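Novice: Before anything else, here's the structure in question.
The values are calculated or read from the model by the stated rules, or taken from the named source; none is laboratory data. In this text the structure is predicted, and so the values were computed from the model without any measurement. When we count neighbours, we look across all protein chains shown, and the Cβ atoms used for this are built from the backbone with ideal geometry, even at glycine. Only protein heavy atoms, including side chains, enter the accessible area calculation; ligands, DNA and RNA are left aside. Shrake-Rupley method; radii C 1.70, N 1.55, O 1.52, S 1.80 Å.
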Amino acid sequence: MTKVTNISPGPRGLHAKDGLVFVDPYQVWEGEIDDSALKSALDTGWFTKGEKKAPGDEGDSEEVVGLKRDLAARDQQIAELRMKLEVSDTEIAKLKGKRALATTVTS
(Lines give C-alpha, C1' and ligand atoms only; values in the text may rest on other atoms or scores of the structure.)
Protein backbone atom coordinates (compact mmCIF):
# COMPACT_ATOMS: atom_id res chain seq x y z
CA MET A 1 0.00 0.00 0.00
CA THR A 2 1.18 3.48 -0.89
CA LYS A 3 0.22 6.73 0.86
CA VAL A 4 0.02 9.89 -1.23
CA THR A 5 -1.01 13.40 -0.10
CA ASN A 6 -2.56 16.00 -2.41
CA ILE A 7 -0.49 19.11 -1.62
CA SER A 8 -2.27 21.37 -4.11
CA PRO A 9 -5.02 23.84 -3.17
CA GLY A 10 -7.65 21.93 -5.14
CA PRO A 11 -8.81 18.38 -5.81
CA ARG A 12 -6.52 16.38 -8.09
CA GLY A 13 -6.73 12.99 -9.72
CA LEU A 14 -4.27 10.15 -9.87
CA HIS A 15 -4.41 6.85 -11.71
CA ALA A 16 -4.53 4.06 -9.15
CA LYS A 17 -4.72 0.37 -10.03
CA ASP A 18 -8.52 0.53 -9.51
CA GLY A 19 -8.89 3.54 -11.82
CA LEU A 20 -8.94 7.32 -11.53
CA VAL A 21 -9.10 8.58 -7.94
CA PHE A 22 -9.73 12.20 -6.93
CA VAL A 23 -8.03 13.40 -3.75
CA ASP A 24 -9.11 16.59 -1.98
CA PRO A 25 -6.54 19.16 -0.85
CA TYR A 26 -4.24 17.87 1.90
CA GLN A 27 -6.09 14.58 2.08
CA VAL A 28 -4.16 11.34 2.16
CA TRP A 29 -5.02 8.56 -0.26
CA GLU A 30 -3.81 5.05 0.49
CA GLY A 31 -3.98 2.23 -1.99
CA GLU A 32 -2.36 0.33 -4.84
CA ILE A 33 -0.65 2.31 -7.60
CA ASP A 34 1.82 1.34 -10.33
CA ASP A 35 5.31 2.80 -10.02
CA SER A 36 4.97 4.67 -13.33
CA ALA A 37 1.62 6.20 -12.29
CA LEU A 38 3.07 7.19 -8.93
CA LYS A 39 6.05 8.85 -10.63
CA SER A 40 3.71 10.73 -12.97
CA ALA A 41 1.56 11.90 -10.04
CA LEU A 42 4.60 13.08 -8.08
CA ASP A 43 6.08 14.80 -11.17
CA THR A 44 2.99 17.05 -11.42
CA GLY A 45 3.97 18.70 -8.13
CA TRP A 46 0.42 18.14 -6.87
CA PHE A 47 1.25 15.11 -4.74
CA THR A 48 3.85 14.00 -2.26
CA LYS A 49 4.53 10.49 -1.08
CA GLY A 50 3.43 9.91 2.50
CA GLU A 51 1.49 12.36 4.65
CA LYS A 52 1.86 16.15 4.78
CA LYS A 53 0.12 18.69 6.97
CA ALA A 54 -2.38 21.17 5.57
CA PRO A 55 -1.70 24.91 5.35
CA GLY A 56 -2.26 26.50 8.71
CA ASP A 57 -0.68 23.54 10.38
CA GLU A 58 2.56 24.91 8.97
CA GLY A 59 2.37 28.30 10.69
CA ASP A 60 0.54 30.29 7.98
CA SER A 61 -1.27 33.44 9.10
CA GLU A 62 -5.07 33.33 9.37
CA GLU A 63 -5.33 35.51 6.26
CA VAL A 64 -3.17 33.12 4.22
CA VAL A 65 -5.09 30.09 5.51
CA GLY A 66 -8.37 31.80 4.55
CA LEU A 67 -7.09 32.63 1.07
CA LYS A 68 -5.90 29.06 0.56
CA ARG A 69 -9.30 27.74 1.66
CA ASP A 70 -11.04 30.13 -0.76
CA LEU A 71 -8.75 29.01 -3.56
CA ALA A 72 -9.40 25.34 -2.76
CA ALA A 73 -13.15 25.98 -2.84
CA ARG A 74 -12.84 27.67 -6.24
CA ASP A 75 -10.70 24.82 -7.54
CA GLN A 76 -13.37 22.38 -6.35
CA GLN A 77 -16.05 24.34 -8.20
CA ILE A 78 -13.93 24.35 -11.36
CA ALA A 79 -13.34 20.59 -11.11
CA GLU A 80 -17.08 19.97 -10.70
CA LEU A 81 -17.91 22.19 -13.67
CA ARG A 82 -15.31 20.44 -15.81
CA MET A 83 -16.83 17.07 -14.96
CA LYS A 84 -20.32 18.38 -15.87
CA LEU A 85 -18.93 19.75 -19.13
CA GLU A 86 -17.34 16.40 -19.94
CA VAL A 87 -20.66 14.62 -19.33
CA SER A 88 -22.47 17.17 -21.53
CA ASP A 89 -19.88 16.83 -24.29
CA THR A 90 -20.28 13.04 -24.18
CA GLU A 91 -24.06 13.33 -24.44
CA ILE A 92 -23.77 15.77 -27.35
CA ALA A 93 -21.41 13.39 -29.17
CA LYS A 94 -23.87 10.51 -28.64
CA LEU A 95 -26.76 12.59 -29.98
CA LYS A 96 -24.74 13.65 -33.02
CA GLY A 97 -23.89 9.99 -33.66
CA LYS A 98 -27.56 8.99 -33.46
CA ARG A 99 -28.51 11.87 -35.73
CA ALA A 100 -25.88 10.88 -38.30
CA LEU A 101 -27.06 7.27 -38.13
CA ALA A 102 -30.69 8.32 -38.58
CA THR A 103 -29.74 10.48 -41.56
CA THR A 104 -27.81 7.58 -43.13
CA VAL A 105 -30.67 5.10 -42.57
CA THR A 106 -33.29 7.40 -44.11
CA SER A 107 -31.17 8.35 -47.12
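Novice: Among residues belonging to the range 1-29 that are free of Cβ contacts under 8 Å to residues at least 24 places away in the same chain and assigned to a strand (DSSP E or B), point out the one that is nearest to residue 72 (Cα to Cα).
Specialist: Of everything passing the filter in the range 1-29, 13 is nearest to residue 72 (Cα to Cα).
Novice: Looking at the range 30-49 only, could you name the residues that are in a strand (DSSP E or B) and over 22 Å from residue 69 (Cβ atoms)?
Specialist: Once the filter is applied, which keeps residues that are in a strand (DSSP E or B) and over 22 Å from residue 69 (Cβ atoms), the range 30-49 yields 30, 31, 49.
Novice: Related question: For the condition touching a residue at least 12 places away in the same chain (Cβ under 8 Å) and open to solvent by 60 Å² or more (accessible area, probe 1.4 Å), what is the one hit in 94, 98, 84, 49?
Specialist: After ruling out the rest, the residue left standing is 49.
Novice: Next up: Within the range 59-101, can you find the residues that are basic (Lys, Arg) and touching a Phe, Trp or Tyr at 6+ places or on another chain (Cβ under 9 Å)?
Specialist: none
Novice: One residue is enough: does the range 78-96 have a residue meeting the conditions at pLDDT below 85 and assigned to a helix (DSSP H, G or I)?
Specialist: no
Novice: Against the definition (charged (D, E, K, R), free of Cβ contacts under 8 Å to residues at least 24 places away in the same chain and either open to solvent by 60 Å² or more (accessible area, probe 1.4 Å) or touching a Cys at 6+ places or on another chain (Cβ under 9 Å) (or both)), how does residue 32 come out, yes or no?
Specialist: No: the conditions fail for residue 32.
Novice: Just checking, does the range 64-73 include any residue being open to solvent by 100 Å² or more (accessible area, probe 1.4 Å), more than 24 Å from residue 16 (Cα to Cα) and modelled with pLDDT under 80?
Specialist: no
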